[in-house]
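First up is the structure itself, then whatever we jot down about it.
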Amino acid sequence: MAFWDVVVVGGGIVGLATCYHLSRMGAKTLLLTAKGLGDGASGANAGRAQVNEGNLDALNIRMVKEGIKRFDQLEDELGSRFEHRRLGYICIIRKEKDWQDWVHRSVVLSENGIPTQMMDVKTLKELEPELNTDGLLGAAYSLEGSMNPFQYCWAYARAARRFGAEIRMFTPVTSMESKGQRIISVHSEQERFEADKIAVMCGAWTRPVLRLAEVNLPVNHTHAEAFITEPLPSVMHTVLGLADFYEIIHERAQAVAIGVGPLANGTLLVTEAVTQTRELHDKTTAWGLSGVARDLLALYPSLSNARVMRGWGRPTPFTPDGNPVVGWVSPYENLFVGAGFIQTMTVTPVMSEWMAGMILEKEISEDFSLYAPDRFLRESQGLLQ
Ligand SMILES: Cc1cc2nc3c(=O)[nH]c(=O)nc-3n(C[C@H](O)[C@H](O)[C@H](O)COP(=O)(O)OP(=O)(O)OC[C@H]3O[C@@H](n4cnc5c(N)ncnc54)[C@H](O)[C@@H]3O)c2cc1C
């Protein structure tokens, strides 16, 4: 039986990019994923490399800055195109309190190398002539990245394989075997895989997968539905989102918060109808489609005859304090987790390299104690007592 340096569990962008860096650093790496590559949130998202909506702590700002810089040469590094381009993002503001918050945010971001400017309604209307600006105070504007998220996943997968990684699709991990403080193997229905280290990078599925090792880590999720229109190349020129996105969805069983932007082929990708649910599934609902259509038309009345081509839904992971979980999982000494990122598409190129370094116990210049999984485990886990 083969023995692996590292088994990565989860074939979303986080697992695939980390698998690439592990292999590139010389580790014998196997990635196991439940279905196809990018079948979770990573292939289902809006493909935005967001820059201005995340936490303002120094570590997050550095990750965003470094991540964005990497995109300039990432397609060449990975040897595959994933339709990366720079695109403007306008975060529209409807409340005085949000305007004040964004004035502060734009100063902090700009001072730290992520240029963000406040925009009045007149300028907004010049930029997006078809936007209904009634009731808007203005917007915050930044230049972010845009990509095809499936191709992004596959670019990492192909590059990982070139460095010798083995990637197995349709191989869900169903159990883990431990001995003392080590996980000695992970199992699918058919096979057993022995490894020195296990990295669980399963997005919204992180919690059930870690339960296989009797670890209860609060990686929660919301379910988000998205839709795509027929090609409408001249309606929108930038990506648009809402400053009160998190306020709208917070603690609501169901809510709609619009994010919309043009893809490279001229279609509009419209997100999202959000449901709080314990279930992990990929369904769309009539409620989601009609709610998104209603709110989108309030912003872009000219889209009233636009046809929706298809829709989908996926769970997105988040943690109770809004920071990701990155690091070793007690009480085990060889079980690593990386999940719950914000601005995942942006930070992945740099975060995955750092995580691969951590897993291989290399010297890392960054301090990740803010993200340590043990911050939750101390309170919630019987295993530690
Ligand atoms: C509609 C929508 C729009 C979004 N828009 C954006 C955006 O524009 N920009 C952005 O940065 N983020 C966006 N997000 C969030 C982003 O998609 C996620 O944060 C990110 O994809 C999570 O990546 P991941 O690799 O951690 O998880 P996932 O991509 O969910 O991957 C987890 C993988 O684990 C696998 N898995 C599950 N159980 C097992 C098991 N037992 N064994 C093996 N494998 C298993 C799954 O099959 C899956 O492939 C959006 C999300 C949604 C739903």
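The values are calculated or read from the model by the stated rules, or taken from the named source; none is laboratory data. Not measured: the values here are computed from a predicted model. In this analysis, Cβ positions are derived from the backbone assuming ideal geometry, glycine residues included, and neighbour counts consider all displayed protein chains.
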Scanning the stretch 156-210 for residues that are surrounded by fewer than 15 Cβ atoms within 10 Å (Cβ to Cβ) and small (Gly, Ala, Ser), the one farthest from Pro373 (Cα to Cα) turns out to be Gly164
Checking the condition within 16 Å of the ligand (Cβ to nearest atom), in a strand (DSSP E or B) and in contact with a Ser or Thr (Cβ under 6 Å, 6 or more places away or on another chain), which residue from Leu31, Leu87 passes? Leu87
Select from the stretch 43-74 the residues that are touching a Lys or Arg at 6+ places or on another chain (Cβ under 8 Å), hydrophobic (A, V, I, L, M, F, W, C) and either buried (at least 17 other Cβ atoms within 10 Å of the Cβ) or within 18 Å of Leu242 (Cβ to Cβ) (or both) and list them in ascending order. Ala44
Name the single residue that is nearest to Thr238 (Cα to Cα) among those in the stretch 90-136 being β-branched (Val, Ile, Thr), in a helix (DSSP H, G or I) and free of Cβ contacts under 8 Å to residues at least 24 places away in the same chain. Thr123
Please go through the stretch 294-314 and pick out each residue that is surrounded by 14 or more Cβ atoms within 10 Å (Cβ to Cβ), within 16 Å of the ligand (Cβ to nearest atom) and touching a residue at least 60 places away in the same chain (Cβ under 8 Å). Val308, Gly311, Trp312, Gly313, Arg314
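Table: residues versus (1) outside any helix (DSSP H, G or I); (2) free of Cβ contacts under 8 Å to residues at least 60 places away in the same chain; (3) over 22 Å from Thr267 (Cα atoms); (4) not β-branched (Val, Ile, Thr).
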position: Thr316; (1), (2), (3), (4): yes, no, yes, no
position: Gly322; (1), (2), (3), (4): yes, no, yes, yes
position: Phe341; (1), (2), (3), (4): yes, no, yes, yes
position: Met345; (1), (2), (3), (4): no, no, no, yes
position: Met358; (1), (2), (3), (4): no, yes, yes, yes
position: Asp367; (1), (2), (3), (4): yes, no, yes, yes
position: Leu377; (1), (2), (3), (4): no, no, yes, yes
Of all the helices (runs of 4 or more DSSP H) wholly in the stretch 137-252, which have at least 1 residues that are away from the ligand (no atom under 11 Å from the Cβ)? 149-162, 245-249
For the stretch 334-368, how many residues are over 15 Å from Tyr152 (Cβ atoms), within 10 Å of the ligand (Cβ to nearest atom) and either in contact with a helix residue (DSSP H, G or I) (Cβ under 7 Å, 6 or more places away or on another chain) or not assigned by TED's automatic domain parsing to the domain that holds Gln181 (or both)? 2
Tell me which of these Lys362 doesn't satisfy, since it passes every other one: (1) modelled with pLDDT under 95; (2) surrounded by fewer than 15 Cβ atoms within 10 Å (Cβ to Cβ). (1)
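Residues checked against (1) modelled with pLDDT of 95 or more; (2) out of contact with any helix residue (DSSP H, G or I) (no Cβ under 6 Å at 6 or more places or on another chain):
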position	(1), (2)
Glu189	yes, yes
Asp196	yes, yes
Gly203	yes, no
Leu210	yes, yes
Pro218	yes, no
Ala226	yes, yes
Leu232	no, yes
Met236	no, yes
Leu240	yes, yes
Subset of the stretch 324-333 [outside any loop (DSSP other than H, G, I, E, B) and away from the ligand (no atom under 12 Å from the Cβ)]: Gly327, Trp328
Here is a list of conditions, (1) without any contact (Cβ under 8 Å) to a residue 60 or more places away in the chain; (2) within 26 Å of Gly313 (Cα to Cα); (3) away from the ligand (no atom under 16 Å from the Cβ), and Asp39 meets all of them except one; can you say which number that is? (3)
Condition met for Ser352 (among the polar types (S, T, N, Q), in contact with a Ser or Thr (Cβ under 6 Å, 6 or more places away or on another chain) and surrounded by 14 or more Cβ atoms within 10 Å (Cβ to Cβ)): yes
Within the stretch 253-281, take every residue that is part of a loop (DSSP other than H, G, I, E, B) and touching a residue at least 40 places away in the same chain (Cβ under 8 Å) and give me the one that is nearest to Cys91 (Cα to Cα). Leu263
